[in-house]
Amino acid sequence: MGFFSFLILGLIAGAIAKLILPGKQAGGWFVTLLLGVVGAMLGGWLGGLIFNVSLQGFFSLSTWLLAIGGSVIVLLIYGLVFGRRAKE
């Protein structure tokens, strides 16, 4: 998969992850979309490492699930780290 398609996948995965997570997350939409790209990369890397899944197809269900799962994980970690600082 090319760089730009992976970037678009990460942006969409970040938006979906924000909709999946309940409550208000720290950071705005822009931060969430950037974290979605990081999460898509993390999900793709872990999926390839653990499940030996190839991320070559943009329209592959496994690619999307790994990208959204990685985005949810990154958003949860970001919320744990920076959510508390916003409340203090």
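The values are calculated or read from the model by the stated rules, or taken from the named source; none is laboratory data. What you are looking at is a predicted structure, and each value in this text was computed from that prediction instead of being measured. Backbone-built Cβ (ideal geometry, glycine too); neighbour counts: all protein chains shown. Quick note on the areas: whole protein, heavy atoms, side chains included, nothing else; ligands and nucleic acids left out. Shrake-Rupley method; radii C 1.70, N 1.55, O 1.52, S 1.80 Å.
The angle between the Cα long axis of helix 29-50 and the main principal axis of the chain comes to about 40°, on a 0 to 90 degree scale. The Val81 and Ile8 beta-carbon pair, evaluated with R₀ = 22 Å, returns a calculated FRET efficiency of approximately 0.25. Each of Ser60 and Ala15 was given a label point 7 Å from its Cα along the Cα-to-Cβ line. The distance between the two points is 2.3 nm.
For the chain, what does the relative contact order come out to in percent, with C-alpha contacts under 8 Å and a separation of six or more?
Result for the chain is 38 percent.
For the chain, what does the helix formula give at 222 nm: sum of -39500 (n - 2.57) over DSSP H segments with n ≥ 4, over the residue count, nearest 500 deg cm²/dmol? -26500 deg cm²/dmol, from helical runs alone.
Over the chain, accessible surface divided per residue gives 64 Å², non-protein components excluded, 1.4 Å probe.
With a 1.4 Å probe and every protein chain kept in, tell me what percent of the accessible surface of the chain is carbon plus sulfur. Answer for the chain is 74 percent, counting heavy atoms of protein chains only.
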